[in-house]
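Asker: The structure's right below; bear with me while I get my questions together.
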Amino acid sequence: MARIERVALNLLSVAIVTGISGYILGCAPVEREPASQAATEPKAQQEEAGQGDQVGEQPDQAPEGADAAGLYSPVKARARDFYAPNTEDLGPDEMRLIACGTGMPTARPKQAASCWLLELGNGDKFIFDIGTGSAERVSALQIPYNYLDKVFLSHLHTDHFGDLDALFVGGALAGRQKPLRVWGPSGATPERGTKYALDHLRKALTWDIDGRQGLTDPRGFHLNVTEFDYMGMNEVIYQENGVTIRSFPAIHSLDGPVSFVVEWNGFKFVFGGDTYPNKWYAKYAKGADLAIHECFIAVPDMIEKFKFTPQSALAVGTQIHTAPEAFGKVMSIIKPRMAVAYHFFKDFDTTAAISDRIRTTYDGPLSLSIDYMVWNITKDEIRVRMAVVDEDVWPPPATEKPQLPDATTRIPYSPEISGGRLDMKKVLQPTYDEINKQYGIHEKQE
Ligand SMILES: [Zn+2]
Ligand SMILES: [Zn+2]
């Protein structure tokens with residue numbers, strides 16, 4: 001309920017900011033906006049997006065037809081400063097990162113658990129972590145599921161892969177007509193590795209997938225898992241289409257967790273999974289254009305709001321994870337163009353403690369992330385905004401023609417269960433007649 005109210009408020013602010021009242025009524029599409037124009041828009045929304053914790057640019061030219069300062073006109077809409085999915089092209093030399101989960105293992109309406117969608121100007125898209133609750137955020141971005149077939153897991157805590165089943169099955173039903181490719185680390189033993197986890201996840205979905213057999217396009221219901229050595233030191237685990245992805249170890253809970261470096265088009269993007277601050281991140285994330293690193297809730301808030309005991313708050317908040325002051329220290333070492341902190345509940349009464357602690361050790365560009373925060377990264381600037389999403393979103397059309405399944409592969413009910421059907425033939429026949437006529441097919445009831 002809280003989330004619904006928040007979205008409603010967001011939509012209201014959209015209407016005010018843009019003056020497009022018809023948007024709310026659904027009778028006017030949001031205007032398409034080229035990336036080059038977007039780059040010159042004012043950044044007032046950043047205050048709202050991150051309580052002033054963003055770094056951005058100031059407007060440098062007045063929109064046509066506006067007053068001298070470029071702020072007011074009775075007839076011209078002011079420049080928009082939010083990201084509306086499916087309304088902006090991505091430039092060929094540009095990267096866009098969208099936070100689809102920034103919170104904790106206990107997903108909540110405001111924050112799903114860890115998930116980051118990286119879109120490159122060459123058309124490639126990568127999902128880093130797919131934590132609990134995040135598949136819903138991914139769906140809000142209106143990206144055809146055929147493009148969302150590459151997932152990289154930092155480790156096997158559910159707040160980092162708990163929605164993989166939702167993306168796997170939901171994506172296959174909504175237009176991913178190919179296997180879901182997943183990369184994840186090995187563990188100290190085979191049972192602690194990604195392959196073991198996903199083999200068993202696939203087994204757990206036996207009933208689900210068997211029950212869909214013969215009903216829909218079957219091509220998406222396959223997991224293609226690549227397990228790589230968690231001990232690899234900045235070793236290449238992916239290299240396609242001009243994109244190189246490397247991994248290096250993290251220190252968290254057990255052996256196994258990793259972080260990733262993406263290199264493309266002269267950019268360096270780093271996604272850090274959960275970790276105690278480690279020397280490999282300090283080395284391999286150095287000079288990143290954008291560096292994501294976990295940053296846990298400040299210890300006093302873990303005790304007071306999360307009801308941890310002081311002992312476990314210290315252990316979990318500073319030793320298993322990275323405390324805010326330690327996050328700042330790491331960022332001071334690597335000096336990214338933009339540091340991104342996540343893995344805390346970002347509320348009115350928690351943000352200041354995190355920000356204050358980070359600022360004791362780091363004074364560079366910083367985003368305290370929240371779900372639906374968006375970064376557009378070019379050589380010249382890193383633009384930070386919030387996405388405004390449509391609650392009524394449907395999956396986008398499939399990018400390829402669906403393949404008809406082989407209906408003979410359906411697994412039948414037992415005679416006992418099949419015999420329990422009420423006779424609906426007369427009720428349903430008009431629907432068969434209508435659809436057969438409209439689409440020129442000849443389907444019959446079972
Ligand atoms: Zn973890
Ligand atoms: Zn975590």
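Asker: Give the number of residues within the range 266-304 that are closer than 23 Å to residue 117 by Cα, away from ligand 2 (no atom under 15 Å from the Cβ) and open to solvent by less than 10 Å² (accessible area, probe 1.4 Å).
Answerer: Residues meeting the conditions: 8.
Asker: Hey, does the range 208-229 have a residue that's more than 23 Å from residue 179 (Cβ to Cβ) and over 24 Å from the mean Cα position of the chain (by Cα)?
Answerer: No, there is no match, as no residue in the range 208-229 is more than 23 Å from residue 179 (Cβ to Cβ) and over 24 Å from the mean Cα position of the chain (by Cα).
Asker: To continue, here is another question. Would you mention how many residues in the range 104-122 are within 13 Å of ligand 1 (Cβ to nearest atom) and crowded, with 24+ Cβ neighbours inside 10 Å?
Answerer: 2
Asker: Of the numbered conditions (1) hydroxyl-bearing (Ser, Thr, Tyr); (2) open to solvent by less than 40 Å² (accessible area, probe 1.4 Å); (3) in contact with a helix residue (DSSP H, G or I) (Cβ under 7 Å, 6 or more places away or on another chain), residue 244 satisfies every one except a single condition; which is it?
Answerer: The single condition residue 244 does not satisfy is (3).
A quick yes/no check of all residues on (1) of a type in the set (A, V, I, L, M); (2) surrounded by 12 or more Cβ atoms within 10 Å (Cβ to Cβ):
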| residue | (1), (2) |
| --- | --- |
| 176 | no, yes |
| 187 | no, yes |
| 198 | yes, yes |
| 206 | no, no |
| 218 | no, yes |
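Asker: Here's something else I'd like to know. Quick check on the range 305-322: of everything there that is assigned to a loop (DSSP other than H, G, I, E, B) and more than 16 Å from ligand 1 (Cβ to nearest atom), which residue is surrounded by the most Cβ atoms within 10 Å (Cβ to Cβ)?
Answerer: 305
Asker: Can you name the condition, by its number, that residue 424 falls short on among (1) touching a residue at least 40 places away in the same chain (Cβ under 8 Å); (2) over 30 Å from residue 109 (Cα atoms); (3) open to solvent by 80 Å² or more (accessible area, probe 1.4 Å)?
Answerer: (1) is the only condition that residue 424 fails.
Asker: Looking at 248, 161, which one is closer than 29 Å to residue 402 by Cβ, in contact with a strand residue (DSSP E or B) (Cβ under 8 Å, 6 or more places away or on another chain) and either within 16 Å of ligand 1 (Cβ to nearest atom) or hydrophobic (A, V, I, L, M, F, W, C) (or both)?
Answerer: Result of the check over 248, 161: 161.
Asker: Shifting gears a bit: Give the residues of the range 123-148 that are away from ligand 1 (no atom under 16 Å from the Cβ), open to solvent by 10 Å² or more (accessible area, probe 1.4 Å) and part of a loop (DSSP other than H, G, I, E, B), sorted by residue number.
Answerer: 123, 124, 142, 143, 144
Asker: Regarding residue 257, is this residue at pLDDT below 95 and within 30 Å of residue 172 (Cβ to Cβ)?
Answerer: It is false that residue 257 is at pLDDT below 95 and within 30 Å of residue 172 (Cβ to Cβ).
Asker: How many residues are within 16 Å of ligand 2 (Cβ to nearest atom) and of a type in the set (A, V, I, L, M, F, W, C) when one looks only at the range 235-253?
Answerer: Qualifying residue count, the range 235-253: 2.
Asker: Right, something else. Between 401, 379, which is open to solvent by 40 Å² or more (accessible area, probe 1.4 Å), at pLDDT 95 or above and not acidic (Asp, Glu)?
Answerer: Step by step, each of 401, 379 is checked, and only 379 is open to solvent by 40 Å² or more (accessible area, probe 1.4 Å), at pLDDT 95 or above and not acidic (Asp, Glu).
Asker: Residue under question is residue 261, and the condition is that it be part of a strand (DSSP E or B) and not polar (S, T, N, Q); does it hold?
Answerer: The answer is yes for residue 261.
Asker: Only residues in the range 144-160 that are closer than 16 Å to residue 118 by Cα and more than 11 Å from ligand 2 (Cβ to nearest atom) count as the first member; pair them with residues that are aromatic (Phe, Trp, Tyr) and open to solvent by 30 Å² or more (accessible area, probe 1.4 Å), Cβ under 6 angstrom, at least 6 apart or cross-chain, and list the lot.
Answerer: From residues that are closer than 16 Å to residue 118 by Cα and more than 11 Å from ligand 2 (Cβ to nearest atom), the pairs are 153/161.
Asker: Only one of 256, 232, 214 is in a loop (DSSP other than H, G, I, E, B) and within 16 Å of ligand 2 (Cβ to nearest atom); which?
Answerer: 256 is the lone residue from the list that is in a loop (DSSP other than H, G, I, E, B) and within 16 Å of ligand 2 (Cβ to nearest atom).
Asker: Criterion first (within 16 Å of ligand 2 (Cβ to nearest atom), in contact with a Leu (Cβ under 8 Å, 6 or more places away or on another chain) and under 29 Å from residue 373 (Cα atoms)) does residue 164 satisfy it?
Answerer: Criteria met by residue 164.
Asker: Please name all residue pairs, on different chains or six or more residues apart, with Cβ atoms under 7 Å, provided the first residue is in the range 194-211 and is more than 23 Å from residue 409 (Cβ to Cβ) and the second residue is open to solvent by 60 Å² or more (accessible area, probe 1.4 Å).
Answerer: Listed by first residue and then by second, the contacts come to 194/227; 195/227; 196/190.
Asker: Still on this structure, I have one more. Counting only residues that are out of contact with any Asp or Glu (no Cβ under 7 Å at 6 or more places or on another chain), give me the strands (runs of 3 or more DSSP E) lying completely in the range 323-382 with at least 1 of them.
Answerer: Here the list reads 338-342, 373-377.
The values are calculated or read from the model by the stated rules, or taken from the named source; none is laboratory data. Please read these numbers as outputs of a predicted model, since none were measured by experiment. Note that each Cβ is placed from the backbone with ideal geometry, even for glycine, and that neighbours are counted across all protein chains shown. For accessibility, only protein heavy atoms count, side chains too; no ligands or nucleic acids. Shrake-Rupley method; radii C 1.70, N 1.55, O 1.52, S 1.80 Å.
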